[in-house]
Amino acid sequence: MSRGRTIQCSFCGIAKGETQLLIAGDGAHICDRCITQASEILAEEIKLKKVNSLQTSLKLIKPSEIKNHLDQYVIGQDDAKKVISVAVYNHYKRLNQKIEKDEVEIEKSNLIIVGQTGTGKTLLARTVAKILNVPFCIVDATVLTEAGYVGEDVESILTRLLQAADYDVNAAERGIIYIDEIDKVARKSDNPSITRDVSGEGVQQALLKILEGTVVNVPPQGGRKHPDQKMIGVNTSDILFICGGAFDGIEKHIAKRLRTQTVGYKLSDEEKDIDLENLYKYITPQDLKNFGLIPELIGRLPVLSYLNPLDKSTLRSILTEPKNALIKQYKKIFEYEDIDLQFDDDVFDFIVNKAWEFKLGARGLRSICEAILLDAMFEIPSKKPKDKTLRITVDYAKEKFDKSDINKLKAA
């Protein structure tokens, strides 16, 4: 460069004296303004590529394919499976619609699933998560409180989703959240609360805008433990919410609405078709309101489904048939010790009858199996028996079960 020539930016032509910083390169210069502008362009291009790659990776999984996957792990509950499959499929279609820019915008349909304890609500959510290529998380509503009180703020739900998406905001904004135990935030009566209900009605009110769709400032490391952390803005408009709960006692509200009784004889001809063993199938949003959910929350959960109570034949199937059935799990455990675990058929009937007696649903099956196999799982790793076959007879099962603490419990 010749002496006396003005040094200037090679991109915009501004003189060195008019800039804060001018960086020299191989025969060229760039000023601070051009650096800032180039950085913004680069960030925008990277963000656009992430969005496009995310949308192109969303392969539509047909509802029948989702249900077939659920059938491998969950016995029965066809109605709930169909509802979840359609909800997830429509969620994928909503995300792909962003590319098409249709005039008609598909609104998301959050859903709520009602069913007794041990019928498979959480298992359905976990199984769906295995086939999704969008971020998915399961959160527990029992730990949530209003902002400012001991417990977790509602925004912590989105923190879990961000963690599942490896803090990729674009991916998290297209995810699915399953909120478990939603019935535990019901208010104590159907009347609006005149006192603070910080873990009940207050949580429901805090959930309203998140369920419907808004930009929430989310603390990436959780709530109040890191007050100086930088907040991340997350738009919940494209996040699908699935809520589940046992709603223990809601049968009384359903029975009252149907003008029948949960126990007793049906008197009128109009009631002769009512299935008293499964009042959940008649559930309506009005019953949820009577139970303690506020109308505004129910309106943001437009799809309502239910899980059937488990009968003995279903419990027997759960014990042996699914891909990760309990009996298959215990056989795998004993395989690690080179032991072939075998069961007589009447042992299964014994386990099912005891689970039915304790009214704990599918969870009761595991408790009873643990009681029966505890001694064997304790002794075999140390003894390394020569006989590589362990056969469980009904007499052996009864003996071990009678010695266990679980036998002291009374059926509910």
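Quick notes
- Annotation note: of I327, I333, I406, I392, the sole residue that is under 24 Å from Q116 (Cβ atoms), at pLDDT 90 or above and hydrophobic (A, V, I, L, M, F, W, C) is I327.
- I368 vs. criteria within 25 Å of K400 (Cβ to Cβ), in contact with a strand residue (DSSP E or B) (Cβ under 8 Å, 6 or more places away or on another chain), open to solvent by less than 20 Å² (accessible area, probe 1.4 Å) and part of a helix (DSSP H, G or I): no
- Of the criteria (1) closer than 30 Å to C243 by Cβ; (2) modelled with pLDDT under 85; (3) of a type in the set (D, E, K, R); (4) open to solvent by 80 Å² or more (accessible area, probe 1.4 Å), which one K47 fails: (1)
- Considering the conditions (1) assigned to a loop (DSSP other than H, G, I, E, B); (2) modelled with pLDDT under 80, E270 is excluded by exactly one of them, (1).
- If the condition is being touching a residue at least 40 places away in the same chain (Cβ under 8 Å), part of a loop (DSSP other than H, G, I, E, B) and not small (G, A, S), then region 102-126 contributes K108, N110, Q116, T117, T119.
- Scanning region 336-348 for residues that are loosely packed, with under 14 Cβ neighbours inside 10 Å and part of a helix (DSSP H, G or I) yields a total of 2.
- Top-ranked residue in region 148-170 [being touching a helix residue (DSSP H, G or I) at 6+ places or on another chain (Cβ under 6 Å) and not in a loop (DSSP other than H, G, I, E, B); ranked as farthest from T119 (Cα to Cα)]: N170
- With a requirement of 1 or more residues that are over 19 Å from L208 (Cβ atoms) and either open to solvent by less than 50 Å² (accessible area, probe 1.4 Å) or not small (G, A, S) (or both), the helices (runs of 4 or more DSSP H) lying completely within region 280-335 that satisfy it span 285-291, 312-320, 326-335.
- When region 382-410 is limited to residues that are exposed (fewer than 12 other Cβ atoms within 10 Å of the Cβ) and in contact (Cβ under 8 Å) with a residue 40 or more places away in the chain, the one that is nearest to K312 (Cα to Cα) turns out to be T389.
The values are calculated or read from the model by the stated rules, or taken from the named source; none is laboratory data. In this text the structure is predicted, and so the values were computed from the model without any measurement. Cβ atoms come from the backbone with ideal geometry, glycine included; neighbour counts cover every protein chain shown. For the accessible areas, the whole protein counts, side chains as well, though only heavy atoms, and no ligand, DNA or RNA atoms are used. Shrake-Rupley method; radii C 1.70, N 1.55, O 1.52, S 1.80 Å.
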